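Notes for the one structure printed next.
The values are calculated or read from the model by the stated rules, or taken from the named source; none is laboratory data. Quantities reported herein were computed from a predicted structural model and do not represent experimental measurements. FYI the Cβ positions are ideal-geometry reconstructions off the backbone, even for glycines, and counts take in every protein chain you see.
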Amino acid sequence: MIRGVRGATTVEYDKELEIIEETTSLLTKMIEANQIQADDVASVFISVTEDLTSTFPAKALRNFTGWNLVPVMCMQEIPVPNSLEKCIRIMIHVNVDRELPQKDIVHIYSRNAKKLRPDLSNMS
């Protein structure tokens, strides 16, 4: 069975260092909260809003020991008018050996991205 672990955050500026640092922070929280091992990950999707173009946030994951073989894809969010700006969203697809209920997954929403899912932001 595969479960999706969601996370999102925002940055102040479209600067490579800030994007990498904030993506690293979000990934760390997601991995730790859900006790994710790289060998259990099927893939990771990372999306950004159209105002973030200075780097691929997936570069952050390449700094994690043992994650160099995990398939990662970056993509751009649909540019919906009045949507949250400078936002990075992550979906980690994790293979689980047992029936893991959705309610046991810890989704992480940081900074201004808490607005996206206030119902889940209280859990993280």
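Descriptive notes on the structure:
- Residues of the range 39-60 satisfying the condition of being outside any strand (DSSP E or B), in contact with a helix residue (DSSP H, G or I) (Cβ under 9 Å, 6 or more places away or on another chain) and either among the basic types (K, R) or under 18 Å from N95 (Cα atoms) (or both): K59
- For the range 11-38, filtering for residues that are within 15 Å of I90 (Cα to Cα) and assigned to a loop (DSSP other than H, G, I, E, B) leaves 2.
- Filter pass, F56 being touching a residue at least 24 places away in the same chain (Cβ under 8 Å), of a type in the set (F, W, Y) and either under 17 Å from T24 (Cα atoms) or buried (at least 16 other Cβ atoms within 10 Å of the Cβ) (or both): no
- Residue within the range 86-97 that is part of a helix (DSSP H, G or I), at pLDDT below 90 and either more than 21 Å from F56 (Cα to Cα) or among the aliphatic types (A, V, I, L, M) (or both) present: no
- Reported count of residues in the range 73-95, each being surrounded by 14 or more Cβ atoms within 10 Å (Cβ to Cβ) and either touching a residue at least 60 places away in the same chain (Cβ under 8 Å) or under 18 Å from A33 (Cα atoms) (or both), is 10.
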